[in-house]
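Novice: Below is the structure I would like to discuss, written out as structure tokens.
The values are calculated or read from the model by the stated rules, or taken from the named source; none is laboratory data. Everything numeric in this text was worked out from a predicted model, so none of it was measured. Here the Cβ is made from the backbone with ideal geometry for all residues, glycine too, and neighbour counts use every protein chain on show.
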């Protein structure tokens, strides 16, 4: 179905694999448009309970953007490219279902920005994170100057952005960039699946609204506290809330319907 991606729904988990192994899974324009379509499917397909995004092979999650595509772009073309990437990555960040990056090998530039747009990052020990754009005389264009600061703080983010240093998986975990580090890709995949399946047992409306409220914390147009107050009250109108509280009182497992 896709030229640059493999997307498979297995028991409600959508496994998305960047399929450009010979290019270290570099992000080209066509791939990003395919990713946009896949993300839209996650929103609309009720059978999908979450997504795991990774790169083909052991060498790279995604080693950056495909530089050859935009090396001779004009200013207006550069703005359009960045805006399109922001739109796609924002849709991942705002996805109402858990979206996890399984990071293996190089996770650099646009690849690191893609991983940061996901709700969580689970890494294998061979993962390397970095934003090397300054080496090309340009800045990150898909959100790194904002999301890296959110995740690890201003001072360390500035250091990594300005030096283009790569960091290990364990250092990324220590900084808060990676949630978990596992010995192998297979172990990391099991951890991703474990987390998504655990979240799938919770109330889906509550899950979606938590993501929405957390995003509001970083919004310049919303007050996150006010958003939480409104969503807390609104959740009380749902069938899921009635089921959850009833199940608690009856000491049984809740059966949520997302209504």
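Novice: Residues that are within 15 Å of the chain's Cα centre (by Cα), at least 1 per element: which strands (runs of 3 or more DSSP E) completely within region 1-110 meet that?
Specialist: Working: elements: 5-10, 13-18, 50-55, 60-62, 99-103, 106-108.
Output list reads 13-18, 50-55, 60-62, 99-103, 106-108.
Novice: So residue 87 ticks every box in (1) on the phi > 0 side of the Ramachandran plot; (2) surrounded by fewer than 16 Cβ atoms within 10 Å (Cβ to Cβ) but one. Which box is left unticked?
Specialist: Single failed check for residue 87: (1).
Novice: How many of the residues making up region 158-176 are over 19 Å from residue 195 (Cα atoms) and either modelled with pLDDT under 95 or surrounded by fewer than 19 Cβ atoms within 10 Å (Cβ to Cβ) (or both)?
Specialist: 12
So that you can scan it fast, the table gives a plain yes or no per residue for (1) touching a helix residue (DSSP H, G or I) at 6+ places or on another chain (Cβ under 9 Å); (2) surrounded by fewer than 17 Cβ atoms within 10 Å (Cβ to Cβ); (3) modelled with pLDDT of 95 or more:
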| residue | (1), (2), (3) |
| --- | --- |
| 183 | no, yes, yes |
| 191 | no, no, yes |
| 221 | no, yes, no |
| 243 | no, yes, no |
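Novice: Among the candidates 179, 104, which residue alone is at pLDDT 95 or above, surrounded by fewer than 20 Cβ atoms within 10 Å (Cβ to Cβ), in contact with a strand residue (DSSP E or B) (Cβ under 6 Å, 6 or more places away or on another chain) and under 21 Å from residue 58 (Cα atoms)?
Specialist: On the way: 104 fails: surrounded by fewer than 20 Cβ atoms within 10 Å (Cβ to Cβ).
Unique residue meeting the criteria: 179.
Novice: With respect to residue 8, determine if the residue is loosely packed, with under 15 Cβ neighbours inside 10 Å, farther than 22 Å from residue 206 by Cα and touching a strand residue (DSSP E or B) at 6+ places or on another chain (Cβ under 7 Å).
Specialist: Values: loosely packed, with under 15 Cβ neighbours inside 10 Å: yes; farther than 22 Å from residue 206 by Cα: yes; touching a strand residue (DSSP E or B) at 6+ places or on another chain (Cβ under 7 Å): yes.
Yes.
Novice: Given the residues 41, 54, which is the only one that is touching a strand residue (DSSP E or B) at 6+ places or on another chain (Cβ under 6 Å) and either in the same structural domain as residue 139 (by TED's automatic domain parsing) or closer than 25 Å to residue 123 by Cα (or both)?
Specialist: The match here is 54.
Novice: On the given criteria, is residue 209 outside the structural domain of residue 151 (by TED's automatic domain parsing), in contact with a helix residue (DSSP H, G or I) (Cβ under 6 Å, 6 or more places away or on another chain) and closer than 25 Å to residue 47 by Cα? Step through it out loud before you land on a result.
Specialist: Numbers: outside the structural domain of residue 151 (by TED's automatic domain parsing): yes; in contact with a helix residue (DSSP H, G or I) (Cβ under 6 Å, 6 or more places away or on another chain): yes; closer than 25 Å to residue 47 by Cα: yes.
In short, yes.
Novice: Taking only region 149-162 into account, find how many residues are within 21 Å of residue 63 (Cβ to Cβ) and touching a residue at least 24 places away in the same chain (Cβ under 8 Å).
Specialist: Looking only at that region, the number is 5.
Novice: Let me ask another. Write out, first by first residue and then by second, each pair whose Cβ atoms fall under 6 Å of each other, whose residues are 6+ apart or on separate chains, and whose first residue, in region 174-198, is closer than 22 Å to residue 149 by Cβ and not assigned by TED's automatic domain parsing to the domain that holds residue 160 while the second is modelled with pLDDT of 95 or more and assigned to a helix (DSSP H, G or I).
Specialist: The qualifying pairs do not exist here.
Novice: With respect to the numbered conditions (1) without any contact (Cβ under 8 Å) to a residue 60 or more places away in the chain; (2) surrounded by fewer than 23 Cβ atoms within 10 Å (Cβ to Cβ); (3) in contact with a helix residue (DSSP H, G or I) (Cβ under 8 Å, 6 or more places away or on another chain); (4) over 20 Å from residue 194 (Cβ atoms), which one is the sole condition not fulfilled by residue 55?
Specialist: The single condition residue 55 does not satisfy is (2).
Novice: State all residues of region 138-155 that are within 11 Å of residue 176 (Cβ to Cβ) and touching a helix residue (DSSP H, G or I) at 6+ places or on another chain (Cβ under 6 Å); if no residue qualifies, say none.
Specialist: Taking region 138-155 first, the residues within 11 Å of residue 176 (Cβ to Cβ) are 148, 150-153.
Passing the criteria: 148, 152.
Novice: Moving on. Would you check if there is a residue in region 118-132 being surrounded by fewer than 16 Cβ atoms within 10 Å (Cβ to Cβ), assigned by TED's automatic domain parsing to the domain that holds residue 194 and either part of a loop (DSSP other than H, G, I, E, B) or touching a residue at least 12 places away in the same chain (Cβ under 8 Å) (or both)?
Specialist: From region 118-132, those surrounded by fewer than 16 Cβ atoms within 10 Å (Cβ to Cβ) are 125; that's our starting set.
Subsequent filtering for residues that are assigned by TED's automatic domain parsing to the domain that holds residue 194 retains 125.
Narrowing further to those that are either part of a loop (DSSP other than H, G, I, E, B) or touching a residue at least 12 places away in the same chain (Cβ under 8 Å) (or both): 125.
Within region 118-132, one or more residues are surrounded by fewer than 16 Cβ atoms within 10 Å (Cβ to Cβ), assigned by TED's automatic domain parsing to the domain that holds residue 194 and either part of a loop (DSSP other than H, G, I, E, B) or touching a residue at least 12 places away in the same chain (Cβ under 8 Å) (or both).
Novice: Within region 233-240, is even one residue in a loop (DSSP other than H, G, I, E, B), surrounded by 12 or more Cβ atoms within 10 Å (Cβ to Cβ) and within 28 Å of the chain's Cα centre (by Cα)? Before you say what the answer is, go through the steps one by one.
Specialist: The initial filter retains those residues of region 233-240 that are in a loop (DSSP other than H, G, I, E, B), namely 236-238.
Cutting the leftovers down to surrounded by 12 or more Cβ atoms within 10 Å (Cβ to Cβ) gives us 238.
Filter once more, keeping what is within 28 Å of the chain's Cα centre (by Cα): 238.
Among the residues of region 233-240, at least one is in a loop (DSSP other than H, G, I, E, B), surrounded by 12 or more Cβ atoms within 10 Å (Cβ to Cβ) and within 28 Å of the chain's Cα centre (by Cα), which makes the answer yes.
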